[in-house]
Each structure stands twice: as structure tokens, then as C-alpha cells.
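Note sheet for the following structure.
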Amino acid sequence: MAFLGRAARRLAAAVRPPSSASARIVARSYSSEHTKEKNVPYEKTLKQDGGSSGPTKPLPRAADVVVIGGGSLGCQTVYHLAKMGLTNVVLLERDRLTAGTTWHTAGLLWQLRPSDVEVELLAHTRNVVSKDLEEETGLHTGWIQNGGLFIASNKQRLDEYKRLMSLGKVYGIESHVLSPAETKDLYPLMNVDDLYGTLYVPKDGTMDPAGTCTTLSRAASARGAKVIENCPVTGVQVRTDDLGVKRVKAVETPHGTIETPCVVNCAGVWAPKLGQMAGVRVPLVAMHHAYVVTERIEGIQNMPNVRDHDASVYLRLQGDALSVGGYEQNPIFWDEVSDKFAFSLFDLDWDVFMQHIEGAVNRVPVLEQTGIKSTVCGPESFTADHKPLMGEAPEVRGFFLGCGFNSAGMMLGGGCGRELAHWIIHGRPEKDMYGYDIRRFHNSLTDNQRWIRERSHESYAKNYSVVFPFDEPLASRNMRRDPFHQVLTDQGCVFQERHGWERPGWFHKDGAAPVKDYDYYGAYETKKHVNYKYNELLGREYTFDFPPHHDVIKSECLSCRHGVAVFDMSYFGKFYLTGPDARKAADWLFTADVNKKPGSTVYTCMLNKSGGAEADLTVSRLEPGAADLPLAPPSDGDAYYLAIGGGVAEHNWNHIRTVLQDQGFRCRLADHSEDMGMISIQGPKSREVLQEVLDTDLSNEAFPFSTHKVVQAAGHQVRAMRLSFVGELGWELHIPKNSCLPVYRAVMAAGAKHGIIDSGYRAIDSLSIEKGYRHWHADLRPDDTPLEAGLGFTCKLKSSIPFQGRDRLEKQKQDGLKRRIVCFTIDEKVPMFGLEAIFRNGVPVGHLRRADYGFFIDKTIGYGYIRNPEGGVVSAEFIKSGEFSLERMGVTYKAKAHLKTPFDPENKRVKESVKAVKTSLRNSSRHLESFYRLTCLSGVSDTKPPGTRGGS
């Protein structure tokens, strides 16, 4: 018998020859023969030897939806489709249910994650497997509630757990932070000598894949769905409609064809091949993922499951034994994915796995002398950001993704299956699923194998890392760079990555910190970078306190407030909407009336059919005239220029395109994001600087706020827009690519005597929250309406012009708001980052979506949506009459709720004359404290925040 400790090394030598150097080349390619007979720690699987080679049921001629893949996601999706009333649904599984990756999963369910949406998804899964299915079918799914224990070996890890505990209070999830001694009492076999503390969640547990999927399929079948096993898919037929739109037509199998308008790809590691059948990119990779099952351990019975994140290991209770697994920095890629791989496993690579044994033995020392009963090493699918791939594919209408679950398919399956079913039936999910939506990735990345491989590796390797507020990837950087990239790098720019773009984060004062090629953290014999300044600066960011460069960001913010700053915003999406029906399309797409006179720019939202905000952006109506790309598009009628936050540009592009298709509008949507750069010059001295550069009068009368013109800048043609996203006087310059550097240099030369500086998005985050501007996907999401977000002014409800989602807003306005965004400030100087719990009169009513430090008002500011715990309307009086507090890492702070924007609520600094702005600035500089006392700070307001748009 082999033991987990020292004997495991001898076992490794006995069962496996030493790996050759050629197996560790940078190509990171491994081939491994799979082994069909291995033991897994479940009483049963759904494998049936000697069964029929044909389909278990006759194929129907047609179906409303065909779900492909009989694992956790496929079974959950077909169950929820049937439960929502869509009964003409077919699930096709090429072998038996769970045969791919689901059958060997560990089946752990942890309720707390650093995301409100994920907490809700996990809660639904738990309800389905622990209650709903048994009530419906009378069958037990195999759910075991033995609790979960997160291990912290340092203060930062415990701080992370305390953040999760605070968020859990909003959702009624019981959790407790335990001392090492209390942890020992709960788990007597645990070594607590090196512990800082633990987080205990009593109602976490374990799911059984076979029991869950069997019960799901029976419940779906009882509602009319057809679950057909032994039926592989060999093709997906796609047709092109009269408008040139590709749509799903049918699914082909060796046993017949099923006509259908909708296919759901739940094929796990085989999802890319299924996507190829329809011309759809599925950016995931397959990797070996392993655990071992121990022999019996006396005293382990009824112990909670354990995640020791710092050791990158988990310990799953398995009756009177443990399953031990984790995430390593050198996982094995499965490059040659086999279609014949069913109920099969790989031989375990002990060289890779041994690091988990060492961590497990340290945490539960009795494992040193415990035998290994079986090894389990199977394939799992992993993605570039360790999040699933869901939603309708951009390439083909009716082709949905439900794959890439990063070994969390069982735990997320219930919540995601329900959202996917809602997406298919109603055209969108019920919750904010943007973080899982395939449209979160730019189209230039989803077929880039370097990006997919490097990012997926890093996400796997960092799976158990602390989730810090300002983390940035190191893999596959510099994929998209704007014309200013090198000059800003030379000036010490510390870049952030968004949508493949490198955008300025903040400016380091001690020289350049360029981003280097990915080194795989030294794995696969790749040479690890040394003296890597960018990585060192990121490392200093990794704190839940104020970062070391807090004062640098303060300087950038106050330079903008008191003088002038330049922001490189070139990563923004820049689209033109033209064509015969462009005006009709603009009326329907945008909540605001964008059909003002040419030369106007309007801040607006775009909604889904439920009234939720799919985007916020600015829309500029263009002068008719000859095409002069990239500044003026070809147009035979109305034309509009759309400027959209670059991190969400792909999402916006696909939303607009889908609406145009569904409504049958004859329009052209053109993307010129790569053809133009964009700099924004903001601050009370911006007019003085730009008046030396632009050949046009910049006075209020000649160039009013929310207007734009094509002008000359240092001899180059640019489109200038008078807008602000930070609450100051300012202009954006949209510049053809080849003119970017000359215009930038002219601006910096003119601004030198005014103290002009470069600033980044960390300053934007602070300045915008101080002003009360919204960031899409933080303060404003697809499950928030503009009315709830305090953006009612963007909606043309006083007009008779219809727009998508208008009916929902009108009803909501009539019924009253049951939730709404509120701004909070605290007097203590502690950092907050979002997810902090909001209490009203001691009762949890919501959590912060976004928080930052406002340097001008010298306060921590947070925004969050609150509800009335009694279900009533959240009125201004409800807010004024409550006593609010915010909980940060288990500590509560008295908070003040505000009904107006926190800084310059009347927009005087943005709109007023030069004299008024200078007077305001002079007064604010001298009397900052009295200014703060007299200024009513922020939140639920219909005061118009001008010219903002989000998508940070």
C-alpha cells in the first residue's frame, strides 16, 4: 500500500518513468494515452457496459431547442427549459449521461464567491440539488451538507474571507471567521500551527454527478423533454437569411437530422469541435485535472470540505476518506482531444501532482501515513479568465454556448442552466451574465491560439490566488496597442489590459515599466523574468489597504481638478451607424433623443427588452457631406458616431447588430476603433491649452457643452467634442491614427506652462465616482434600469418616440422603484472596493457595487443598490429616514447616504464660463473644508451627469 506522504514519491518512481526534457518544452504539448478503467469516489456512475450502440430513443423530426452534451450543464439546461414551459426540447449525448468530464468531478459546492451574481447562481444550484429535484421526483440527488472551510495562512487571505463573509450577510448565507483554536475544535485532525484563521460556511456541501444528472433528466423527461443517449452529433447546418444573417437550421447525427432554430453547445472539452461545425469560435482549452482518493481515515467522518488556497489544495470529504486535489502552475494540456474518450481517465503524472500532496499532508498530518485508494485524472475545459462561455455566439444566430466551466460545472450548473434557458426563451438572461457572456471577448482574440493558451494557463495557475481589487493579467499582453503606447511607456505608464487593449492605469514616477512576454511563471522550462518592474509594481498593488502609490493617483486627480490633465482613451469603441433606416434605428436603440441638430452629442443608454441597461455611450449626430474616413463615414442620409467604453465594445457591437437584425432596419454599422486614437483634455485650464492647438473658438457661445466639430489641431484634422467624464471643463479629440502623435505633442507643448500631466484610468475611476458618473457593468448593468440608476434624464419618456424597453420603464415609473442606487460616504479613512454590505437600521439592504477614494472631497465614496426589506418602494424619504452603515471585512462604519451628486451637483465646473470656473476653483482651493460642508453629496438624483459613458 502506498502512502500519501514520503511513500508517494516512491510510488511515482514505480508507476511512471522519469519525464524526459523534451516533454517539458515551451510548446507545452503533451500526449497521454487514456485509461478506461479507473475507480472514482462515487457509488455509481451512469456507464452501462454492453449497452445498445444506437440511440436510446427515436429522434424527432424537429425540435425547438437541441442541447448537445449530457453533462451537468446539458442536463441543467434541458431541465430548466422544460420547467419554463419549452417542452419540444431534445438533449443529445454521444455516449451516456456524464460520460465526458462530469462523471469524475469532485462535485464541491462553495456558496461564497467574490461576485454577487455568482453567489446567486450558486444559491440556485444548491436549491435545485438539495430541495427542488427531490420534491419534484421523490429521488435523492446525492447532496451532502457537510460544510466548507476556507484556510487562511496570512492576513491578506483572511481579509479576503472577511470580504466574502460581509457579502454573504446580504444574501443570508451563514458564515463564521474562526480562530486557529476554534478551527481545531471543528476539525481535530487539522494542523493549525501556521494558520491565521479560517472561514466556515456550515451549509456548503458536495454533489453527486450521477445522482444529480439522473434526477435532472427524469424531471425534464416528465415535463416532455427528450433525453437521447448514444447519439453523437456529426454536423450543424447553418442557413443565411434574406438579410445575410447566419442562423442555425438543423443538427445532423448518424441516425437522422433534427431541424431546429436553436442549438446549445454544452459539450465541455469537445465544445470547440462542435463550434467548428457551425463556424463558431469557442475559446477554451482542455487540461488534465486530477485528484487522489485516500484509504479510510479514522476521525474524518462528518468533517467539512476544505480549501487551503495558499497551498492550492482542496480536501473533499468522501465518506470515511478524503479526495485531495488542487491547481498547479504546470498543468498538462490535452491538445489531441479524442472523440472516443468516454468514462475514461489519464494516468496520473506524479511530477505535476506531488505539490498538492505536500500541501495536504501539511494541513492534515495523518495523511502522511494514509494509503491511496485510487487516482482520478480527467480532462476539464478552461478559459482565458476562468469564467464560463455562455450566450448566443456572435457568428451564428441561434447557436448558444454553455461550456468552459473550469471544473466548476456542477457547482455553477443549476444557476447557469436557468440563466441559459431564460436567455434562449426570452432573448436575454434574467441576471447580469456579462462576465460569462462570450461577447465579453473581442473578436480578434477568440481565435488567437496564443491568447487562449496563455490566458487559460494563467487563469488555471491563479485559480486559488487572492482576488485583489487591482489585479491584472501577465499573459498575452500587448495584443492591441494604440499610437500613444510607446511614448506613454517611456513616461512610466503602468498599463491595464481591457479587451486586448493596453490602456493607461497610472503613471509611475521612476521610469518605464514595460509589459513583457508571458513567462508561464517559470513552468515548462520557460525562463522566468527577473527584475520585472511591471510585475513588481503589480505586486505592490496586491493589498486590501490603500496601495503604496495612493498619493500618485491623488496627484493625478487633483491636477485634473485644479489644472489640466490628458487621458489617453484610444481603446474606446468608435462606431458609425448609417443607412436608409439609421434614424429609425437610432430612435429605437437609444433611450435619449439623439436626433437633435447635426453637431450635437448626447449621452444615452441602450436597453434590452426588460428595460435593463445594455450600454451607456455618447451618440453624435453628424453633418451630411462627403465621406472623409475615418472622421466622416459614407452616408446617404442620417449618420451617427458612437463612442463606447472600450472594455465593452464587442458587447455593444453585438447588441446593436442583433437589434438591427431583429427589427429589420436597413443600416450599416462600421467599426473604426482601430483607425482612430482619442485623447481627452480635462480640467479648468483645458480651454486655455486647447485654444493654442485648435483653430476654432472654444468659448461657451461658439463651442457649447455637448457639441462636436471637425477642426484643425496643429495642422491635422480631428473631431473635437466638448464632453466630460470627470466633472470638469474639457474636450475629447478623436484623431486619425497617423495624426495622433503630432497632435498629442502639440497639446503637451501648449500645456507645459499650465502644468499639464498625463493621467490614467485609476484617476478616472476616482474622479468619476466623486462626480457621481456611472460606470457600465459596475453602477449600471443589464439587470438595472436607468430609473433605478438615477439616469431617468437619459430617457425620452416625455416624448412619444418608442424605444426598446420603454414599456418596462413606464410601468416601473408608475409602480415606483423597489430598488435604486444610493451614494454613501464614510468619515473614517479606510479603503473600500465594492461588495461591502449596506445596512439600514441594522438590516442588510444591499451591497456596494463600486467604491473608491474621492481625493477632492477627501472621503471614501461607494455606490450600491438598496432594497426595502419589506418589499416596498425605495423613496427619497426611505433613504433620508434610515441610519446606514457599511460593513468592510466584518467591521461596520457609520455611513451617510446622499441624494445628490457628491461633487459640483449643478455642473457649474463643466458648463459655466471661464470666469465662473476660475472663481469656483479659487474658492474650492482656499476653502475645501467649507466647500465640503456646503455641498450636498450624491446618489439618487435626476441631476444630469453630462457627457459620461461607462464600460471601464
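The values are calculated or read from the model by the stated rules, or taken from the named source; none is laboratory data. Please read these numbers as outputs of a predicted model, since none were measured by experiment. Note that we place each Cβ from the backbone using ideal geometry, even for glycine, and neighbour counts take in every protein chain shown. Surface accessibility is based on the protein's heavy atoms, side chains included, excluding ligands, DNA and RNA. Shrake-Rupley method; radii C 1.70, N 1.55, O 1.52, S 1.80 Å.
Residues that are open to solvent by 50 Å² or more (accessible area, probe 1.4 Å), within 14 Å of Leu97 (Cα to Cα) and among the small types (Gly, Ala, Ser) within segment 202-227 are absent altogether. Arg561 meets the stated requirement of being among the charged types (D, E, K, R), part of a helix (DSSP H, G or I) and open to solvent by less than 10 Å² (accessible area, probe 1.4 Å). For segment 525-545, the tally of residues that are in a helix (DSSP H, G or I), over 23 Å from Lys155 (Cβ atoms) and open to solvent by 10 Å² or more (accessible area, probe 1.4 Å) stands at 2.
Examine segment 451-460 for a residue that is open to solvent by less than 10 Å² (accessible area, probe 1.4 Å) and in contact with a Gly (Cβ under 6 Å, 6 or more places away or on another chain), and state whether such a residue exists. Checked segment 451-460: no residue is open to solvent by less than 10 Å² (accessible area, probe 1.4 Å) and in contact with a Gly (Cβ under 6 Å, 6 or more places away or on another chain).
Could you check, for segment 486-493, whether at least one of its residues is modelled with pLDDT of 95 or more and more than 19 Å from Met748 (Cβ to Cβ)? Walk me through how you get there before you give the answer.
Let us first name the residues in segment 486-493 that are modelled with pLDDT of 95 or more, namely 486-493.
With more than 19 Å from Met748 (Cβ to Cβ) added as a condition, the list becomes none.
The answer is no; no qualifying residue exists.
Within segment 791-839, the set of residues being open to solvent by 40 Å² or more (accessible area, probe 1.4 Å), out of contact with any helix residue (DSSP H, G or I) (no Cβ under 9 Å at 6 or more places or on another chain), among the charged types (D, E, K, R) and more than 20 Å from His898 (Cβ to Cβ) comprises Lys798, Asp807, Arg808, Glu810, Lys811, Asp815.
Condition test on Arg503, is it basic (Lys, Arg) and either open to solvent by 40 Å² or more (accessible area, probe 1.4 Å) or within 30 Å of Asn265 (Cβ to Cβ) (or both)? Quick ask: steps written out before the conclusion?
Details: basic (Lys, Arg): yes; either open to solvent by 40 Å² or more (accessible area, probe 1.4 Å) or within 30 Å of Asn265 (Cβ to Cβ) (or both): no.
Judged against the criteria, Arg503 is not a match.
Any idea which of Ile756, Ile735 is among the aliphatic types (A, V, I, L, M), open to solvent by less than 10 Å² (accessible area, probe 1.4 Å) and in contact (Cβ under 8 Å) with a residue 24 or more places away in the chain?
Ile735 is the lone residue from the list that is among the aliphatic types (A, V, I, L, M), open to solvent by less than 10 Å² (accessible area, probe 1.4 Å) and in contact (Cβ under 8 Å) with a residue 24 or more places away in the chain.
Looking across segment 238-257 at every residue that is out of contact with any Phe, Trp or Tyr (no Cβ under 6 Å at 6 or more places or on another chain) and open to solvent by less than 20 Å² (accessible area, probe 1.4 Å), the one that is farthest from Gly100 (Cα to Cα) is identified as Val245.
Residue-by-condition table, conditions (1) surrounded by fewer than 23 Cβ atoms within 10 Å (Cβ to Cβ); (2) touching an Asp or Glu at 6+ places or on another chain (Cβ under 9 Å); (3) under 29 Å from Asp204 (Cβ atoms); (4) touching a residue at least 40 places away in the same chain (Cβ under 8 Å):
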position	(1), (2), (3), (4)
Glu229	yes, yes, no, yes
Glu259	yes, no, no, yes
Gln276	yes, no, no, no
Val280	no, yes, no, yes
Tyr291	no, no, yes, yes
Arg296	yes, yes, yes, no
Val313	no, yes, yes, yes
Leu322	no, no, yes, yes
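Being touching a residue at least 40 places away in the same chain (Cβ under 8 Å) and out of contact with any Asp or Glu (no Cβ under 9 Å at 6 or more places or on another chain) holds for only one residue in Leu164, Leu108, Leu112, Leu97, and it is Leu164. Quick one: would you say Gln145 is surrounded by 22 or more Cβ atoms within 10 Å (Cβ to Cβ) and either more than 25 Å from the chain's Cα centre (by Cα) or not assigned by the TED database to the domain that holds Glu174 (or both)? Answer is no for this residue.
Those strands (runs of 3 or more DSSP E) of segment 766-882 in which 2 or more residues are closer than 23 Å to Val726 by Cα and either among the small types (Gly, Ala, Ser) or free of Cβ contacts under 8 Å to residues at least 12 places away in the same chain (or both) occupy 843-854, 859-867. Residues in segment 614-628 that are of a type in the set (D, E, K, R) and modelled with pLDDT under 95 were compared, and the one that is most open to solvent (accessible area, probe 1.4 Å) is Glu623.
So is Leu91 within 28 Å of Asp64 (Cβ to Cβ) and open to solvent by 30 Å² or more (accessible area, probe 1.4 Å) or not? So Leu91 does not fit the description; no.
Criterion applied to Thr658, Thr696 was being open to solvent by less than 30 Å² (accessible area, probe 1.4 Å) and among the polar types (S, T, N, Q), and the one residue passing it is Thr696. Does segment 159-181 contain any residue that is in contact with a Phe, Trp or Tyr (Cβ under 6 Å, 6 or more places away or on another chain) and not in a strand (DSSP E or B)? Yes - at least one qualifying residue is present in segment 159-181.
What's the total number of residues in segment 65-106 that are aliphatic (A, V, I, L, M) and assigned to a loop (DSSP other than H, G, I, E, B)?
The initial filter retains those residues of segment 65-106 that are aliphatic (A, V, I, L, M), namely 65-68, 73, 78, 81-82, 84, 86, 89-92, 97, 99, 106.
Restricting the remaining residues to those that are assigned to a loop (DSSP other than H, G, I, E, B) gives 84, 86, 97, 99, 106.
The number of residues fulfilling the criteria is 5.
Under 30 Å from Pro580 (Cα atoms) and touching a residue at least 60 places away in the same chain (Cβ under 8 Å): is that true of Arg719 in this structure? Criteria met by Arg719.
Results for (1) in contact with a Ser or Thr (Cβ under 7 Å, 6 or more places away or on another chain); (2) surrounded by 24 or more Cβ atoms within 10 Å (Cβ to Cβ); (3) free of Cβ contacts under 8 Å to residues at least 40 places away in the same chain; (4) assigned to a strand (DSSP E or B), shown as yes or no for each residue.
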| residue | (1), (2), (3), (4) |
| --- | --- |
| Pro547 | no, no, no, no |
| Val552 | no, no, no, no |
| Lys596 | no, no, yes, no |
| Ser610 | no, no, no, no |
| Pro630 | no, no, no, no |
| Tyr641 | yes, no, no, yes |
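Quick one: which of Ala746, Ala720, Ala750, Ala702 is within 20 Å of Ala627 (Cα to Cα), of a type in the set (A, V, I, L, M) and modelled with pLDDT of 95 or more? Let's see the steps before the verdict.
Numbers: Ala746 fails: within 20 Å of Ala627 (Cα to Cα); Ala750 fails: within 20 Å of Ala627 (Cα to Cα); Ala702 fails: within 20 Å of Ala627 (Cα to Cα).
Among Ala746, Ala720, Ala750, Ala702, only Ala720 is within 20 Å of Ala627 (Cα to Cα), of a type in the set (A, V, I, L, M) and modelled with pLDDT of 95 or more.
The condition of being open to solvent by less than 20 Å² (accessible area, probe 1.4 Å), aromatic (Phe, Trp, Tyr), assigned to a helix (DSSP H, G or I) and under 22 Å from Gln329 (Cα atoms) holds for only one of Phe353, Phe382, Phe405, that being Phe353.
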